[in-house]
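Have a look at the structure below, then the notes.
The values are calculated or read from the model by the stated rules, or taken from the named source; none is laboratory data. Note that the coordinates shown come from a computational prediction; the quantities given were computed from them, not determined experimentally. Cβ atoms come from the backbone with ideal geometry, glycine included; neighbour counts cover every protein chain shown. These area figures cover heavy atoms from the full protein model, side chains too; ligands, DNA and RNA do not enter into them. Shrake-Rupley method; radii C 1.70, N 1.55, O 1.52, S 1.80 Å.
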Amino acid sequence: MVITRSKMKKRQMHSGALIGSNDDLLIEILLRLPVASVLRFKSVSKHWRSLLSQRPFTLIYKNGSISRGLFVQDFYVPFDDENRNPPPFHNLDFYPDPRGIRIIQSCNGLLLCCSMHGIQRDFRYYVFNPTTKQFALIPSVPGGGNIRRTISFMGLAFHQTDCPHYKVICIRYIKRDEDRFQIQIYSSETGKWKISDQSFSAPYYTSFSSGVYWHQAIHWAQSSGNPSYFKLDTEELQTMQSYFTIDTKNFIGEKSLYFGESRGCLHLVNRVHRIRRESRLQLNVYEMLNHHSGWFLKYRVKLDELLNARNLAPSFLDQYFIQVFDVVRGEEEEDETFFIVIQTPGRIIRYDFHEKSFKLILDHSTGPLWHRGAHRYIETIVSL
């Protein structure tokens, strides 16, 4: 039997039509494609766009949960300098905010942003997906300017499985002289703010910076020496086991440089301060046990010895400006990738814990020293 070119073309068109009309088969194919391809296929037809935008697909699509790099302010730094992908955006201009826009938190692929300049009561807050370029303007906390000027913290909670409808958590002081704080929660599912029954006491100057979402709760490990977390499902505020350690025998203390989550694990990085200095730049990397039962020491890194061996060591004074930007685990259970991203003056460096190797991922010796920290970029196709 001779198959002509026209017959072959008809068969291909028939096969394509069968696949295109079978949603289950189509989803099985698309689940194996990279993010860029999925986003392109949204333009094939209205049906494909609807299918790929629906929550059932975005929740089971796993290829998007890959840590690509960091946003340092609005500058993009890829983790792998040799295989650079184009930055997901060049400017945070997705909304014409006259005060400018800055990132305040990243959470599993979504960014919580707010106005860069101005006063607190006039700030606007946004949730932005840098992969799909979609954004949502968060309604103002109810109560007017007098309520909004009392905001101490705004944080984002999102996860594809345990918190698929993102939430924004607001902490505001009720009265400074009474040291009382109130918690309000915005849900993207309802589009409304809700005042939690849970209020708590703390000094009005308490810092709630570096809020991290982990296991259905927002955590604050660096808040005035009183680590705590707020459970979103039960709306309960609970205390974590303290991570502060002091060895009076050897005159050793620790200062926190980083607090974050990666691949379902909560990490804390402390810098060790010594009076009897064996190492001026030692970092202790801790990991939280299940059920918030305590921290254990995962890695100890003597940075000055390793940096000296590679001619990357900062000067005696510059070492005090070292920042830890991120701690990143491998994408899969069998992936042993585990590294830390550090900024020293003029450089951003990646250190692999298993290989005990350094890699320079950005040389910005003529650029600024960033002080606001960094925010991880994870590809996600979830729709806002």
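Annotations
- 3J(HN,Hα) along the stretch 139-144, derived from phi through the Karplus expression 6.51 cos²θ - 1.76 cosθ + 1.60 where θ = phi - 60°, amounts to x, 4, 4, x, x, x Hz, with x in place of Gly and Pro.
- Sequence-distant residues sharing a close amide H with Gly294 (under 5 Å, placed H): Leu289
- Placing a pseudo-label 7 Å from each Cα along the Cα-to-Cβ vector at Thr161 and Thr190 gives an inter-label distance of 2.7 nm.
- Stretching the chain fully between Thr337 and Gln238 yields a gain of 32.4 nm (0.36 nm per residue, less the alpha carbon separation).
- In this label model, Asp197 and Lys302 are separated by 5.5 nm, measuring between points 7 Å along each Cα→Cβ vector.
- Using θ = phi - 60° and Karplus 6.51 cos²θ - 1.76 cosθ + 1.60, couplings along the stretch 377-384 (whole Hz; Gly, Pro as x): 9, 10, 6, 8, 9, 4, 8, 9
- Were the residues from Leu137 through Arg263 laid out at 0.36 nm apart, the gain over their Cα-Cα distance would be 42.6 nm.
- Distant-in-sequence amide contacts of Tyr377, defined by a placed amide H-H separation under 5 Å and a gap of 5 or more residues or a different chain, comprise Arg68, Gly69, Leu70, Phe71.
- HN-Hα J in Hz across the stretch 118-134 - Karplus 6.51, -1.76, 1.60, θ = phi - 60°, x for Gly and Pro: x, 10, 3, 5, 9, 5, 10, 10, 9, 10, 10, 9, x, 6, 8, 6, 7
- With N as its number of residues, the stretch 83-124 has a Cα radius of gyration that, divided by 2.2 N^0.38 Å, comes to 1.35.
- Under-5 Å amide H pairs with Ile174, H placed in peptide plane, nonlocal only: Arg180, Phe181, Gln182
- Taken per residue, the accessible surface of the stretch 28-77 reaches 53 Å², heavy atoms only and a 1.4 Å probe.
- Potential lengthening between His117 and Leu384 on full extension [0.36 nm per residue; Cα-Cα distance subtracted]: 93.6 nm
- The stretch 79-227: mean projected area of Cα convex hull, nm²: 10.5 nm²
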